[in-house]
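The values are calculated or read from the model by the stated rules, or taken from the named source; none is laboratory data. Predicted, not measured: the structure shown is a model, and the values here were computed from it. Heads up, the Cβs are rebuilt from the backbone with ideal geometry, glycines too, and the neighbour counts pull from every protein chain shown.
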Amino acid sequence: MEHPENDTSYKGLQVNSGVTSQPITNPYRRPARRRRQLTPGEYVEGIIKGDVSILGQAVTLVESTADQHQILAQEVIEKCLPYSGNSRRIGITGVPGAGKSTSIDVFGLHVLKQGGKLAVLAIDPSSERTKGSILGDKTRMEKLSQNQSAFIRPSPSAGSLGGVARKTRETIVLCEAAGYNNIFVETVGVGQSETAVHSMVDFFLLIQLAGTGDELQGIKRGIMEMADGIAINKADGDNIERANLAAAQFRNALHLFPPTPSKWRPEVMTYSGYFELGIDKVWDMIDRYFDYVKGNGYFERKRNEQAKYWMVESINEELRNNFYRQPEIRALLEQKEMRVLNNEQSSFTAAHDVLTRYFEILKSQGSPLKPGDIR
Ligand code: GDP
């Protein structure tokens, strides 16, 4: 069909032919100015006011590996500490496909109905391998990501698990200072990251699926021991019966476990994240847990233990990094490895030699630790 514009009676808007654009648009324009770096005080003020943009920038600082960012980040974190702590920290784990994002979306809305704010963080040290962190795609939590009271932050990009976990823990402090009174920390239930999450949350929820027959196979005992609650997802349609059966099996298995340090007996629930069934039930359990551990003093005790744990972890991590970062030590290690493999030296005397050399190097370097070194 002819375009109506070509008709002589056409009265509508017409497109004029344009001019060729100049190769350089305004050569006199000044380059865009970079955003001024906020001072620690400005960060803290913004965070405490609940300014999401400043909170986001502060988290970026925490995640940065640049020295000057780390120094700034540490100052901001320290200043936020007095305002932190007032939240429920909930860890959520489950294998990929268990329905974590679907569930976090509905759990999150459920929590927000009671008022307050929610931050969803993640620990995914494998994100570099899988190209894109687990929470990288906000559409995974469609409803929450449109909610003004929710702050969703993907996992810090890949690094050592200790490093990634530490950044998430520091982000918790910032979020709490910004008034987020519910913190979810998501992790993929396949590796060591559960231990890291467990060491920074108050309640640890394990999302499971029914229907594989032998439900308990393939779940590491350690993960079950950490769980304060097990929620069997996808209890909908034909799957309800299987989910109930799985729940019974989990309950039986949990009976055989030694009592938890909190004296809380982990509970098993079935629900459907997708069809939003049984969400209240799961959340009632979590409410009951918080009442229970706040009542018996375990809540405080666990948080104190976690704070100590993170201090010791940071020391361990920095000692290890400092040691293995020394080029001379790396070379010496290689030599010693050969000698040990050739039975020319025992593992212990080799270790002793390497450590002796390490301490000599430290002595000659004076104080090798600069502010910002610990990350
Ligand atoms: P994640 O990898 O653990 O985050 O899992 P997702 O939330 O992405 O869910 C994986 C798949 O399971 C998706 O196709 C979901 O639609 C589906 N799913 C999640 N929750 C349920 C549920 O309660 N019932 C059913 N039938 N499917 C679900």
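Output the residue which, of all residues in the range 235-258 that are crowded, with 21+ Cβ neighbours inside 10 Å and farther than 19 Å from Thr102 by Cα, is farthest from the ligand (Cβ to nearest atom).
Once the filter is applied, the top-ranked residue is Phe250.
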So Gly46, is it farther than 24 Å from Val120 by Cβ and more than 17 Å from the chain's Cα centre (by Cα):
no
How about the range 254-293: which of its residues are under 23 Å from Asn182 (Cα atoms) and of a type in the set (A, V, I, L, M)?
Val268, Met269, Leu277, Ile279, Val282, Met285, Ile286, Val293
Exactly one of these conditions fails for Ile286: (1) within 16 Å of the ligand (Cβ to nearest atom); (2) buried (at least 17 other Cβ atoms within 10 Å of the Cβ). Give me its number.
(1)
Output for the range 207-234, where each listed residue is at pLDDT 75 or above, part of a helix (DSSP H, G or I) and more than 16 Å from the ligand (Cβ to nearest atom)
Gly222, Met224, Glu225, Met226
Selection status of Ser262, surrounded by 13 or more Cβ atoms within 10 Å (Cβ to Cβ) and within 16 Å of the ligand (Cβ to nearest atom)
no
Looking at this structure, is Gly273 modelled with pLDDT of 90 or more and within 16 Å of the ligand (Cβ to nearest atom)?
yes
Selection over the range 265-283 where residues are surrounded by 21 or more Cβ atoms within 10 Å (Cβ to Cβ) and of a type in the set (Gly, Ala, Ser) yields a count of 2
Can you pull out every residue in the range 53-83 that is polar (S, T, N, Q) and buried (at least 16 other Cβ atoms within 10 Å of the Cβ)?
Gln57, Ser64, Gln70, Gln74
Given the conditions (1) touching a residue at least 60 places away in the same chain (Cβ under 8 Å); (2) surrounded by 12 or more Cβ atoms within 10 Å (Cβ to Cβ), and given that Pro40 satisfies all but one, which numbered condition is not satisfied?
(1)
Some residue of the range 267-285 being free of Cβ contacts under 8 Å to residues at least 40 places away in the same chain, within 26 Å of the chain's Cα centre (by Cα) and in a helix (DSSP H, G or I)
yes
Qualifying residue in the range 275-290 (condition: touching an Asp or Glu at 6+ places or on another chain (Cβ under 8 Å) and of a type in the set (Ser, Thr, Tyr)):
yes
In the range 85-109, which residue that is at pLDDT 95 or above and away from the ligand (no atom under 15 Å from the Cβ) is surrounded by the most Cβ atoms within 10 Å (Cβ to Cβ)?
Ile90
I'm told Ser314 meets every condition in (1) of a type in the set (S, T, N, Q); (2) under 19 Å from Leu206 (Cβ atoms); (3) in contact (Cβ under 8 Å) with a residue 60 or more places away in the chain except one. Can you identify the failing condition by its number?
(2)
Which one of these does Leu355 not meet: (1) in a helix (DSSP H, G or I); (2) modelled with pLDDT of 90 or more; (3) under 24 Å from Phe184 (Cβ atoms); (4) of a type in the set (A, V, I, L, M, F, W, C)?
(3)
State which residue is farthest from Thr65 (Cα to Cα) when the search covers only the range 310-329 and only residues that are surrounded by 13 or more Cβ atoms within 10 Å (Cβ to Cβ) and at pLDDT 90 or above.
Ile329
Breaking point among (1) in a helix (DSSP H, G or I); (2) closer than 30 Å to Ala73 by Cα; (3) within 16 Å of the ligand (Cβ to nearest atom); (4) modelled with pLDDT of 90 or more, for Phe204
(1)
Tell me, yes or no, whether the range 110-120 has at least one residue that is assigned to a loop (DSSP other than H, G, I, E, B), away from the ligand (no atom under 16 Å from the Cβ), surrounded by fewer than 16 Cβ atoms within 10 Å (Cβ to Cβ) and modelled with pLDDT under 90.
no
One residue is enough: does the range 259-276 have a residue meeting the conditions closer than 30 Å to Gly97 by Cβ, touching a helix residue (DSSP H, G or I) at 6+ places or on another chain (Cβ under 7 Å) and of a type in the set (Asp, Glu)?
yes
